[in-house]
Amino acid sequence: MAIRKLIPGRDAAGAGPSSTGAVPDADPALPLDTGHPARLGMWVLGLGFGGFLLWAALAPLDEGVPTAGMVAIDTKRKAVQHLSGGIVTEVFVKEGQFVRGGDPLLRIDSAVALANYESIRQHYLTLRAMEGRLMAEQAGRAEIVFHPDLQQAAADPVIRQTTDNQQSLFVARRSALQAEIDAIREGIRGEEAAIRGYEGMLAARRTQLELLQDELEGLRELVQEGYAPRNKQLEVQRLAAEAAGSVADLQGNIQRARRSIAEMKLRTVQRTQEYRKEVDAQLAEIRREVQADAEKLKAAGDELARTTIRSPAEGQVVGLVAQTVGGVIAPGQKLMDVVPQDEALLLETKVPPHMIDRVQPGMETDVRFASFAHSPALVVQGRVDSVSSDLVADPETRLSYYLARISLTPQGMKELGDRQMQAGMPAEVVIRTGERTVLAYLLHPLLKRMAASMKEE
């Protein structure tokens with residue numbers, strides 16, 4: 001019955017087409033409304049787009065600065081150079097050889113350096129010997145105490161001869177001074193003896209004068225009474241006057257002798273002072289020369305020591321240039337590098353200048369090592385240790401960049417496992433600078449373009 005209702009041209013009784021030939025009206029039961037599926041589709045699209053926008057606006061994505069890095073040694077490889085250059089006389093190492101710190105690498109001709117060192121050393125030790133002699137003279141010691149440098153070089157015949165000469169000079173000068181002082185003291189003793197003689201004569205003359213004066217008193221009374229001749233009185237007076245003159249002369253001699261003694265004592269003090277003043281002046285000059293020679297000797301010793309070029313650190317020799325005995329090396333020429341062993345490894349990355357405002361020390365990084373072929377998806381954690389404060393220019397590409405140094409965190413080392421990093425190994429580094437939503441990421445170019453387009457030209 002329902003099927004018949006769906007067949008056009010038939011009535012409810014199953015009759016054929018209408019005799020009038022008109023098309024009958026549509027059956028109300030036929031669903032002809034197509035708006036509902038369209039509205040349903042629009043709702044699905046709208047909800048899907050809205051959900052995407054909501055997710056894009058809320059879902060955070062990691063943001064970072066991608067850079068190319070390379071594994072490097074924390075202390076860098078050690079370049080081996082020579083300050084003044086010279087002729088190579090011995091080569092102790094080969095390319096790739098492992099050496100310890102201080103091991104000899106090369107030796108250059110030391111004839112000139114050795115001659116210069118010995119010349120300065122001889123002069124320096126001679127000055128030290130003179131200094132020891134003068135110090136002994138200054139202190140008034142009976143023997144010289146030489147500097148330890150001279151004691152260490154006592155086996156050297158030249159140095160031993162130098163110290164012997166200074167010892168002989170010390171004795172001669174000391175003896176000469178002592179002889180002068182002894183001569184002066186002998187003069188003092190002579191004057192003192194003369195004074196004692198004068199004093200004895202003076203005492204005798206004074207006694208004689210007293211006796212003559214007593215005799216003269218008695219004669220005066222006798223002459224007045226006429227019992228003695230006048231000439232006798234005059235004779236006694238003459239003798240008394242002579243005795244008084246002798247007393248005065250002796251007193252003058254004693255005074256002159258005492259003045260002479262004082263002058264000789266003063267001369268002794270002055271000669272000693274002159275001697276010490278001379279010694280002090282010579283010692284001050286010698287000490288200035290010793291100081292200057294000590295610095296020269298140190299420099300000459302360093303130059304002589306540098307004729308044997310030694311390894312600055314424990315590591316492997318790479319880039320050996322000087323391999324021929326008799327070859328000439330220029331001053332400052334790089335002879336080889338020593339790559340330190342057992343040193344901490346880190347990564348060095350080049351940050352573009354336009355991204356440097358987003359990179360700071362302490363930021364976390366994701367590091368992927370392309371050299372680990374069996375673990376291409378391995379990503380380990382790192383941290384930015386430092387960022388250069390100024391641009392660094394690459395001498396080959398002439399491009400400028402900021403150098404960031406990155407070390408692996410303990411977690412990153414654990415993730416690395418048994419895999420070993422090697423200096424020079426390339427790596428891909430992403431420095432995490434924060435988070436950004438998908439919507440912000442998608443709109444960033446548009447907003448940047450709009451901001452640029454709204455600028456007046």
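The values are calculated or read from the model by the stated rules, or taken from the named source; none is laboratory data. Values in this document were obtained by computation on a predicted structure and should not be read as measured data. FYI the Cβ positions are ideal-geometry reconstructions off the backbone, even for glycines, and counts take in every protein chain you see.
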Of everything in region 222-258, what is under 30 Å from ARG196 (Cβ atoms) and either of a type in the set (D, E, K, R) or not assigned by the TED database to the domain that holds ILE188 (or both)? Give them in sequence order.
ARG238, GLU242, ASP249, ARG256, ARG258
Where the second residue is modelled with pLDDT of 85 or more and surrounded by 13 or more Cβ atoms within 10 Å (Cβ to Cβ) and the first is not assigned by the TED database to the domain that holds MET355 and lies in region 373-399, which pairs have Cβ atoms under 6 Å and are six or more apart or on separate chains?
none
Check whether at least one residue in region 142-158 is assigned to a helix (DSSP H, G or I) and touching a residue at least 40 places away in the same chain (Cβ under 8 Å), and report yes or no.
no
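Per-residue answers, yes or no, for (1) closer than 12 Å to PHE369 by Cα; (2) surrounded by 11 or more Cβ atoms within 10 Å (Cβ to Cβ); (3) within 36 Å of the chain's Cα centre (by Cα):
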position: SER389; (1), (2), (3): no, no, yes
position: VAL392; (1), (2), (3): no, yes, yes
position: PRO395; (1), (2), (3): no, no, yes
position: ARG405; (1), (2), (3): no, yes, yes
position: MET421; (1), (2), (3): yes, yes, yes
position: GLU428; (1), (2), (3): yes, yes, no
Say whether the condition of being modelled with pLDDT under 75, under 36 Å from the mean Cα position of the chain (by Cα) and surrounded by 12 or more Cβ atoms within 10 Å (Cβ to Cβ) is met by at least one residue in region 46-69.
no
Taking the condition outside the structural domain of ALA194 (by the TED database) and either surrounded by 12 or more Cβ atoms within 10 Å (Cβ to Cβ) or not in a helix (DSSP H, G or I) (or both), does ALA322 pass?
yes
Condition met for LEU283 (part of a helix (DSSP H, G or I), among the aliphatic types (A, V, I, L, M) and more than 60 Å from the chain's Cα centre (by Cα)):
no
Identify, please: which residue in region 107-161 is surrounded by 19 or more Cβ atoms within 10 Å (Cβ to Cβ) and among the acidic types (Asp, Glu) and is, among those, farthest from ASP293 (Cα to Cα)?
GLU137
